[in-house]
1. What is the spin-label model distance, in nm, from ASP103 to ALA162 if the labels are put 7 Å beyond Cα along the C-beta direction?
2. For the range 84-94, take each phi angle, set θ = phi - 60°, evaluate the Karplus expression 6.51 cos²θ - 1.76 cosθ + 1.60, and give the result in whole Hz per residue in order, putting x for glycine and proline.
3. Calculate, in whole percent, how much of the Cα-Cα pair population of the range 112-165 lies beyond 19 Å.
4. Within 10 Å, count the other beta carbons around each residue, average over each peptide in 69-78, 102-111, 146-155, 117-126, and list them highest first.
5. All other residues with a Cβ under 13 Å from the Cβ of LEU98 taken together, and with Lys, Arg as +1 and Asp, Glu as -1, what is their net charge?
6. Calculated FRET efficiency, ASN64 and VAL42, Cβ-Cβ r, R0 22 Å, to nearest 0.05?
7. Taking the simple approach of a point 7 Å from Cα along Cα-to-Cβ for both ASP81 and ASP152, what is their distance in nm?
8. In whole Å, what are the Cα extents of the range 66-165 along the three principal axes, biggest one first?
Amino acid sequence: MRTVPYVVIVLLVAALAACGRSPEERMASAVASAAAGTEVSVEKSGERVVLGSGDEAMTISSGNSATLPANFPRDVFLPGDYTIESALDSAGFSMVSLRTGGDVASLADAAAAFMKAGGWQQSMQAGDDHSRILTFQNERNVAALSFDRAEDGVVYSVQLSAAPN
C-alpha cells in the first residue's frame, strides 16, 4: 500500500475544505490532482470518494453522505448529539470529524471518563479550555481525540489506528 499518496490526498482534501467552491468541486479536484494511477469512484454528487478497491480502499465522505465507518468501535466516545462533517476510512486507519454543542472542557472530560471506563489507557492530554487533545490505547487501537472551540459549539475529531504489535 502506498501511504504517502493517501496522506497527500487527505491533506489536500482538508486544505481545500476552506475554499469557496462546493464540496463536490473541492473533493473531485483534490482526488483528480492527487490520485493519478489510483482507481477512483466519486459517488453521491462528490460527497463520497473511494480511492482504490478491495481491502486497500480508502473512503472519504462529507456532507450528507458522511457516516461513521462501519468498523467504528462502540467503546470510543461519541457525544449525545452531533453532526458528522467528514469521515475517512481505510485499512487500519479511520478519521471522523463531528460538530456538537457544549464546550471543550466538558466534552473532553466526559470523553476521558468514558474511554477510561471502557478500558482504554490514557497516554496523553494537552490543551486548555479552547482546544484539547487526548490520546488513548487499548489492545486493538490507538485513539487521538481532539476538541476545538467553534463559533457554534465544538469540533470533535477522532483518529483511530491499529495498535502496534
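1. Taking the simple label geometry, ASP103 and ALA162 are separated by 4.2 nm.
2. Calculated HN-Hα couplings, in order: 7, 8, 7, 8, 10, 9, 9, 4, x, 8, 9 Hz.
3. 29
4. Descending mean neighbour count gives 102-111, 146-155, 69-78, 117-126.
5. Details: positive: ARG99; negative: ASP81, GLU85, ASP148, ASP152.
So the environment of LEU98 carries a net charge of -3.
6. So, using R0 = 22 Å, E works out to roughly 0.90.
7. 1.3
8. Largest to smallest, the principal-axis extents are 39, 28, 19 Å.
Read the figures in this text as sums done on the coordinates, not as results from a lab. Because the structure is a prediction, the values reported are computed rather than measured. Neighbour counts run over all protein chains shown; Cβ positions are idealised from the backbone, glycine included.
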